[in-house]
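Single-structure report; data block below.
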Amino acid sequence: MRTKFHIFQVVANHLSFTKAAEQLYISQPAISKAIKNLEEEFKTTLFIRRRNSIELTKEGKSFLVYTQKVVALFSEMEETFTKKNDVFPERINLGASTTISNYIIPKIIAKFNNQFPTTRFNTIGGNTDMIQNMILNEELDFGITEGSNSNPKLTFKKFIKDEIVLVTNSSNNQLKKGSISLDNLQSLQLISREIGSGTREIIDSFLVKHGYKKVNRMLTFTSTESIKNYLYHSDYYALISIHAISDNLKSNRLQIIDLKNASIERWFYFVRRTGHVSSTLDYLEKYIRLNYNL
């Protein structure tokens, strides 16, 4: 029954038997049979079938609410009764984009290893393109990256929202008001991440969306730590994740310059190969969600 509920949820999410079959790596007839069986068991019609599309009925929408609760309860039961004495794999290969690997993942892994001390993590940090390619090549089991792409071989699930802020060293007083417009942003001497970095892609997309083709990039580095170390000794500026500078703000080494009437936001996503089913990775994903901000 749990499997049928899961199939129903995927079909309801895509409103397509074909796309659901592709995601679940089972045949379309198997998808149709599972939905038909549910409709017969619960004596209701879940979808309106049209020539080239389907849509949820009123009963189907209500049924979706119940199935989400049931599947969540199954997961909770599994965690409570089957994971308490579980021995996890000796090694988990985890990849994360630089911001996540440097500032979020280490404390989570430390807490995880207190509970499961026999599991070792091989954690790879790199830019988004690198991590996603390693997942595709099966060099990594799992990943967390900035943004998502349209590659059907990868599945993305939202993790946490991030904000990219403009920073400089605390002694830099060139901007007396502590704020700047997007028009004037182009005149600043900026330090940037390399091409292929998720942070850079988000920034470039934001600028294009607001009608700006480029900014004055003076230098590029392959890590946020390198950018921060450069900023400590110069009056240059950089657009960096707020997660990467919290300690630097507390120690008064860096300051934030507000962007007037603008906010650069992005999502971090859990990434795995489409169709890769693993209770260990499911548990790890949930564990990260519950513990990243503790």
Item checked: Close pairs from region 257-280: first under 21 Å from THR98 (Cα atoms) and touching a residue at least 40 places away in the same chain (Cβ under 8 Å), partner among the hydroxyl-bearing types (Ser, Thr, Tyr) and open to solvent by 30 Å² or more (accessible area, probe 1.4 Å), Cβ under 6 Å, at least 6 apart -> TYR269/SER148; ARG272/THR155
Next item on the list: Kindly indicate whether any position in region 21-29 is among the charged types (D, E, K, R), part of a helix (DSSP H, G or I) and either more than 30 Å from the chain's Cα centre (by Cα) or closer than 14 Å to GLY60 by Cα (or both).
Entry: no
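Quick one: is ASN85 modelled with pLDDT of 90 or more and either out of contact with any Lys or Arg (no Cβ under 9 Å at 6 or more places or on another chain) or part of a helix (DSSP H, G or I) (or both)? I'd like the intermediate steps shown before the answer.
On the way: modelled with pLDDT of 90 or more: no; either out of contact with any Lys or Arg (no Cβ under 9 Å at 6 or more places or on another chain) or part of a helix (DSSP H, G or I) (or both): yes.
For ASN85, the condition - modelled with pLDDT of 90 or more and either out of contact with any Lys or Arg (no Cβ under 9 Å at 6 or more places or on another chain) or part of a helix (DSSP H, G or I) (or both) - is not met.
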Next item on the list: Look through LYS228, LYS177 and report the one residue that is of a type in the set (Lys, Arg) and in a loop (DSSP other than H, G, I, E, B).
Entry: LYS177
Next item on the list: Could you grab me the full set of residues in region 50-78 that are open to solvent by 60 Å² or more (accessible area, probe 1.4 Å) and at pLDDT below 90?
Entry: ARG50, ARG51, ASN52, GLN68, LYS69, LEU73, PHE74, GLU76, MET77, GLU78
Check: Could you count how many residues in region 94-145 are under 22 Å from SER246 (Cβ atoms), within 12 Å of the chain's Cα centre (by Cα) and open to solvent by 10 Å² or more (accessible area, probe 1.4 Å)?
Finding: 0
Next item on the list: Search region 226-259 for residues being under 27 Å from the mean Cα position of the chain (by Cα) and open to solvent by 70 Å² or more (accessible area, probe 1.4 Å), and hand back the single one that is modelled with the highest pLDDT.
Entry: ASN229
Next item on the list: All but one of (1) in contact with a Ser or Thr (Cβ under 8 Å, 6 or more places away or on another chain); (2) free of Cβ contacts under 8 Å to residues at least 24 places away in the same chain hold for MET1, so report the exception by its number.
Entry: (1)
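The values are calculated or read from the model by the stated rules, or taken from the named source; none is laboratory data. All values derive from a computational prediction rather than experimental measurement. Cβ sites come from the backbone with ideal geometry, for glycine too, and all protein chains shown count toward neighbours. Side chains are part of the model used for accessible areas, which takes the heavy atoms of the whole protein and leaves out ligands, DNA and RNA. Shrake-Rupley method; radii C 1.70, N 1.55, O 1.52, S 1.80 Å.
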